[in-house]
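Enquirer: My structure is below; once you've seen it, I'll send some questions.
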Amino acid sequence: MRDHLEHYRTRLKVKADINSCNRCPLGDSPHRVPFDGNTWTPKLVLLGEAPGASEAIAHRPFVGASGVYLDHMLAMAGTSREDVTIVNTVCCRPPDNRDPEWSEMAACGSHRLAQVNLARTSFGLTLGRIPLALLTDIPGVSVGKEIDHGFWADEKFWIPTYHPAYALRNRGAESVIVNSIRRALQYVSGELETPVDPKFPNYKVVDGMLIKKHDTSLVPQKYLETWPVFLHREWVVFRHDPEMVRAAKDLRGQKLA
Ligand code: URA
């Protein structure tokens with residue numbers, strides 16, 4: 001309950017910070033578009049590019065034609081908006097629907113991170129080239145070449161796929177996006193094993209859950225013996241056996257330390 005309240009307060013703070021931001025010229029517009037969706041029990045974070053005209057009016061991401069199509073593809077993959085958190089690389093609409101500048105995405109970087117961190121899942125999808133370029137730090141990256149090649153960034157495991165707007169113009173991309181969503185959900189359920197990223201050697205996914213090796217010297221001995229987990233930013237598992245992982249899942253939402 002206390003965690004729930006804290007989470008809710010953080011949601012409000014992240015939104016308030018975005019609504020009062022003036023870090024880049026895009027902030028001259030009052031039409032901020034913060035994250036949307038389920039941040040408490042999402043399966044996935046979807047990282048889009050930038051809000052368009054409809055989103056700027058509604059103050060919500062993906063409400064225009066791409067959003068309708070995205071909902072359709074989520075349904076085809078067996079999920080829905082209730083299971084995802086939606087975030088964009090920038091929270092304000094670039095004029096004339098141009099791509100966001102690198103400097104604008106950098107200015108919005110801490111907002112992006114705060115929004116991505118709010119989503120209590122370890123898995124995400126990048127929609128289109130821009131979020132993929134941003135998270136991989138490769139400006140000329142090709143989505144087509146990276147489809148489904150998962151990678152770690154911002155302490156989450158991301159699956160690259162096409163943007164829904166691209167699928168509106170190229171109907172062949174629809175099945176690719178649906179398959180990417182399905183694949184991401186297989187990582188969530190543990191059906192597919194998530195590789196360990198050498199950049200994040202302390203993170204590992206067991207039974208569909210991200211665990212972090214932790215310096216156990218910081219933890220009181222009684223917790224080590226009686227409780228396998230406590231809440232840090234992610235669940236921490238001290239002994240990696242299925243019993244412990246199950247216990248960790250049961251304890252999700254409780255703070256033990
Ligand atoms: N396209 C995006 O990338 N994000 C939105 O919010 C809407 C359209």
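Enquirer: Pop the C-beta distance of His4 and Ala53 into the FRET formula with R0 = 41 Å and round what comes out to the nearest 0.05.
Expert: Details: r = 35 Å, r/R0 = 0.85.
After rounding, the FRET efficiency stands at 0.70.
Enquirer: OK, next. If I ignore ligands, DNA and RNA and count only protein heavy atoms, how much of Tyr166 is accessible to a 1.4 Å probe, in Å² to the nearest 10?
Expert: Looks like 80 Å² after rounding.
Enquirer: Turning to a different aspect of this structure: Show Lys156, Lys145, Lys15 ordered by accessible area, largest first, where the area counts protein heavy atoms only and the probe is 1.4 Å. Each step should come with its number before you reach the end.
Expert: On the way: Lys156 5, Lys145 155, Lys15 65 Å².
Correct descending sequence by accessible area is Lys145, Lys15, Lys156.
Enquirer: Given a 1.4 Å probe and every protein chain left where it sits, what share in percent of the accessible area of segment 11-142 is carbon and sulfur? Let's see the in-between values first.
Expert: Values: 2900 of 5340 Å².
With neighbouring chains kept in place, the figure for segment 11-142 is 54 percent.
Enquirer: Considering only protein heavy atoms, with the full assembly of protein chains and a 1.4 angstrom probe, order Ser110, Ser180 by accessible area, largest first.
Expert: On the way: Ser110 65, Ser180 0 Å².
The ordering from most to least exposed comes out as Ser110, Ser180.
Enquirer: Accessible surface of Lys13 in the full protein assembly, 1.4 angstrom probe, to the nearest 10 Å²?
Expert: Lys13 has an accessible surface of roughly 120 Å² with all protein chains in place.
Enquirer: Same structure, new question: Sorting Asp28, Asp71, Asp3 by accessible area (1.4 Å probe), largest first, what list results?
Expert: Numbers: Asp28 130, Asp71 65, Asp3 20 Å².
Order by accessible area, largest first: Asp28, Asp71, Asp3.
Enquirer: For every other residue with a beta carbon closer than 15 angstrom to the beta carbon of Arg182, add +1 if it is Lys or Arg and -1 if Asp or Glu, then tell me the sum. Mind showing how you got there, number by number?
Expert: Working: positive: Lys43, Arg183; negative: Asp83, Asp148, Glu174, Glu191.
Every neighbour counted, the sum reads -2.
Enquirer: Please give the net charge around Arg23, taking every other residue with its beta carbon less than 15 angstrom from that of Arg23, where Lys and Arg add +1 and Asp and Glu add -1.
Expert: Working: positive: Arg32, Arg112; negative: Asp17, Asp28, Glu101, Glu104.
Summing Lys and Arg as +1 and Asp and Glu as -1 gives -2.
Enquirer: Follow-up. Hey, got the dipole for segment 1-154? About the Cα centre, +1 on K and R Cβ, -1 on D and E Cβ, debye to the nearest 20? Display every interim value, and only then the final one.
Expert: Values: 16 positive and 18 negative charges, 86 e Å.
Around 420 debye, computed over segment 1-154.
Enquirer: Hand me the GluC sites (Glu not before Pro) from segment 120-198 located in a DSSP loop with no more than 12 other Cβ atoms within 10 Å, in residue order please. Kindly include the intermediate steps, with their values, before the conclusion.
Expert: Numbers: sites: Glu146, Glu155, Glu174, Glu191, Glu193; in loops: Glu155, Glu191, Glu193.
Sites meeting the loop and neighbour criteria: Glu191.
Enquirer: For Pro51, what is the net charge nearby, where nearby means another residue's Cβ is under 9 Å from its Cβ and Lys, Arg count +1, Asp, Glu -1? Don't skip to the end; give the middle numbers.
Expert: On the way: positive: Arg32, Arg60, Arg93; negative: Glu49, Glu55.
Neighbourhood net charge equals +1.
Enquirer: Right, something else. Which Rg and Dmax, in Å, describe the Cα atoms of segment 92-175?
Expert: 13.2, 35
Enquirer: Also: What translational D, rounded to a whole number of µm²/s, comes out for segment 66-206 from Stokes-Einstein when the hydrodynamic radius is the Kirkwood one over Cα pairs, at 4 °C and 1.567 mPa s? Write down the numbers at each step before the final one.
Expert: On the way: Rh = 15.7 Å.
D = 82 µm²/s.
Enquirer: Only residues of segment 1-36 count here: report those whose backbone N is under 17 Å from the spot 7 Å along Cα→Cβ of Asp154, or say none.
Expert: Within reach of a label on Asp154: 10-19, 33-36.
Enquirer: Just how far, in whole angstrom, is segment 120-189 from segment 39-92 if you go by their alpha carbon centroids?
Expert: Each part reduced to its Cα centre gives a spacing of 13 Å.
Enquirer: By how many nm would the segment from Ser103 to Val68 grow when fully extended, if each residue of separation counts as 0.36 nm and the alpha-carbon distance is taken off? Walk me through the intermediate numbers first.
Expert: Numbers: separation 35, 0.36 × 35 = 12.60 nm, distance 2.95 nm.
Between Ser103 and Val68, full extension yields 9.6 nm more.
Enquirer: If the only charges are +1 at each Lys and Arg Cβ and -1 at each Asp and Glu Cβ, what is the size of the charge dipole of segment 105-177 around the Cα centre, to the nearest 20 debye?
Expert: On the way: 7 positive and 6 negative charges, 41 e Å.
Using Cβ point charges on Lys, Arg, Asp and Glu, segment 105-177 gives about 200 debye.
The values are calculated or read from the model by the stated rules, or taken from the named source; none is laboratory data. Note that the structure is predicted; figures quoted are calculated from it, not measured. So basically every Cβ, Gly included, is an ideal-geometry build from the backbone, and we count neighbours across all protein chains shown. For the accessible areas, the whole protein counts, side chains as well, though only heavy atoms, and no ligand, DNA or RNA atoms are used. Shrake-Rupley method; radii C 1.70, N 1.55, O 1.52, S 1.80 Å.
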